[in-house]
Each structure stands twice: as C-alpha cells, then as structure tokens.
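FYI, it's all coordinate maths here, none of it is from the lab. This is a predicted model, so every value here is computed, not measured. Cβ placement follows ideal geometry from the backbone for every residue including glycine, while neighbour counts extend to all protein chains displayed.
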Amino acid sequence: MNELVPLTIVGQGAIGLLAACQLQRQRLPVQLWLRHNESNLRQTGKLSVDFTDLSGQSTSHIYTSVNASVFTTAPATPLITRIVIPVKAYAVLPCLAELQPYLSSQAQLIISHNGMPELEAYQQQLKAEQALWFLSTTQAALRSASGVQHTGIGQSTLAAINPTARKQSASQQQALLQQLTLALGPVTLTADILPVLWQKLAINAVINPITALHRCRNGELAAPELAPLISALLREVCLVAAAEGMDLTYASNLSRVYQVIEATKANKSSMLQDIEHGRPTEINAITGYLLRCAARHKLTLPHNERLLAQVQQLAQGQS
Ligand code: KPL
C-alpha cells in the first residue's frame with residue numbers, strides 16, 4: 001500500500017479535527033468525511049476550523065468534505081484506502097455501513113472511541129481483505145463553535161484487531177503508525193489491546209460522568225472532596241474487571257486516573273461537551289458496559305449505578 005495515502009478522517013469531533021489540523025499544519029494529505037446536514041456545512045460544503053495548539057498558537061484550516069466533492073454516487077473505483085473513524089461508540093456500526101461502498105477492498109480502518117468497543121460486530125461489517133485497527137487515546141481536545149483546541153497531552157495505543165490487520169507487513173504497519181503519530185503524537189503498537197481498553201475504561205468511568213454532572217473541567221477532579229467518590233468508582237471498576245479475568249490493579253490505576261486529570265486539566269471531558277451540546281453521551285458504552293458485566297457476575301456497583309442514573313437524568317433534562 002502506498003505510504004503517502006491521504007488519511008481520511010470521519011466527522012468533526014474533537015479528536016478527529018485535532019488529527020486533521022496537526023496533519024495539515026505539516027502539509028500532509030488529509031481529508032474529512034462529513035455529514036452534510038450539519039449547519040456549518042450546508043451553505044458551502046466547506047468546513048472552516050480554527051486550531052489552537054498547546055502553546056496557544058492558532059492556525060486556520062478549510063476542509064472540503066470528501067463525500068461532497070468526490071462522491072455523488074458510489075464511485076466505480078473505491079477511493080478510500082486509510083480511514084480513521086473517531087466517532088462515538090453508538091455511531092460506529094451505522095457509520096461502517098455508510099462508508100463501506102466507498103472503501104477500497106484493502107482499506108485500513110482505524111476505529112477510536114471511548115467505552116468498550118464491540119470488536120466482533122465491527123469485524124462483521126468488513127470485507128476479508130480490509131484491515132481493522134483500534135486506537136485508544138487519552139489526548140484531550142476541546143471542540144468549540146469555531147474549531148478545536150488541543151488541551152492536553154495524552155497517550156495513544158494502536159492494535160490490529162482482525163486477521164488481515166495482524167498479517168500486514170511490518171512496512172504497512174510502520175506507515176500507519178507513523179501517520180497516526182504525526183496526527184496525534186506518539187502511538188504505541190500493542191499485540192493485546194484488552195488491558196489498554198480496561199485502563200481507558202477506568203479513566204473514562206471516573207472522569208467523564210463526574211465532570212458531566214459537576215459541569216467542571218477535568219482538573220477540578222483533583223479536589224480532595226472528590227477523592228472518596230473517585231476511589232469508590234475505581235474500586236468497583238477493578239472488582240468487575242477481576243471478575244472478567246482482567247488484572248486491573250487499584251493503586252496503579254488510581255495514579256493513572258490522577259495523571260490524566262492533571263495532563264488534561266484544562267479540558268472539558270467529551271461527556272461534558274456532549275451534555276453541553278445536547279448530544280447523546282457515551283455513558284452506555286462506559287458505565288453501562290461495566291454494569292452489564294457486573295450483572296453477568298452477580299455483582300453490584302452502587303456508585304457506578306448511581307452515576308449512570310444521574311447522567312441519564314441529566315441528558316433527558318437537556319432534550
Ligand atoms: O477521554 C477523555 C474524554 O474526555 O473522553 C479524557 C482522556 C478524559 C480527556 O478529557
């Protein structure tokens with residue numbers, strides 16, 4: 001596969017735009033796949049994005065939606081060979097169905113979202129020679145009406161999910177890793193994504209619902225009065241992880257949660273951003289997933305249960 005293939009990125013979420021703007025700043029080829037019913041696209045088919053990096057430096061970017069300019073009907077030759085799909089957990093399956101006619105039969109698909117992914121279901125949507133990857137990231141970015149701001153350095157981990165991705169040559173894997181690193185900072189390749197997914201789930205199960213309920217930035221979770229709640233939530237995550245055969249150590253995960261709180265202190269979590277914009281949250285793929293696992297093992301997670309109910313109530317109050 002050509003190493004200079006443009007990276008196609010789906011949507012205009014915070015992480016996707018962060019990646020797109022960082023690539024464009026380096027004059028690397030990138031294109032966006034966007035929904036046309038969004039008000040900011042309806043008039044011109046173009047999306048303008050102001051990007052502010054960690055040092056406060058801003059640049060302006062204009063994207064023409066690839067699906068507006070290139071595709072009017074499904075093309076005879078599929079055009080997309082490498083695509084990042086950083087959409088919400090609940091949007092992945094419909095998104096894959098929408099994209100499939102436009103993907104090369106050997107496309108590399110990189111899915112990234114919070115919450116536990118339904119990897120089996122994603123694989124079933126792909127053709128045999130399409131490679132499925134999952135990217136877990138704690139990069140922090142804040143979407144505003146005019147663009148996106150990089151608000152915290154995170155870590156990103158990439159894993160091959162299906163047999164096609166696993167058997168890609170070292171040079172194909174390196175090309176992908178390199179492109180994602182240019183887009184999102186250092187990316188580590190792992191053979192076993194499950195421990196990473198549980199660690200990320202622990203982070204999101206703590207930070208996202210609390211910040212959404214308190215309507216606060218991530219950094220405010222360092223307040224001592226929130227320590228008992230954070231501790232109780234995390235102990236429940238560790239309990240259910242253990243029942244699932246996953247060794248999630250309380251002490252090391254607690255310090256990881258506080259590291260992310262510090263590294264992303266200026267950020268509004270994605271769940272708070274969703275609540276503020278009246279969008280559905282990922283609570284079902286995060287806390288909901290934990291509670292479904294707990295029910296299978298006949299465990300109760302009272303703190304997580306309460307938080308789920310509170311976030312659902314908050315989201316209902318918005319609609
Ligand atoms: O993943 C995040 C999110 O907001 O969804 C963190 C890492 C907590 C950054 O805000």
Tilt, helix 302-318 to longest principal axis of the chain (alpha-carbon atoms), in degrees rounded to tens, equals 50
Just to confirm the number: angle between the C-alpha axis of helix 14-25 and the first principal axis of the chain, 0 to 90 degrees, nearest 10? 40
Using +1 at the C-beta of Lys and Arg and -1 at the C-beta of Asp and Glu, which of G317, A232, I207 has the Cα lying farthest in the positive direction of the dipole of segment 195-318? G317
Label model pair L189, I153: point-to-point distance (7 angstrom along the Cα→beta-carbon line) in nm is 2.4
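Which of K88/K265; K46/K200; K46/K167; K127/K268 have a Cα-Cα distance over 29 Å?
Working: K88/K265 22 Å; K46/K200 34 Å; K46/K167 38 Å; K127/K268 37 Å.
Table pairs above 29 Å Cα-Cα are K46/K200; K46/K167; K127/K268.
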Spin-label pair Y90/T64, simplified geometry with 7 Å Cα→Cβ offset, distance in nm: 3.5
If one takes the longest principal axis of the Cα atoms in the chain, at what angle in degrees, from 0 to 90 and to the nearest 10, does the Cα axis of helix 227-243 lie? 70
Computed label-point distance, nm, for sites R166 and Q57 using a 7 Å Cα→Cβ extension: 4.2
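Can you tell me how much longer the chain between Q310 and S144 gets when fully stretched, taken as 0.36 nm per residue apart minus their C-alpha distance, in nm with one decimal? Each step should come with its number before you reach the end.
Working: separation 166, 0.36 × 166 = 59.76 nm, distance 2.53 nm.
Full extension of this stretch gives 57.2 nm more.
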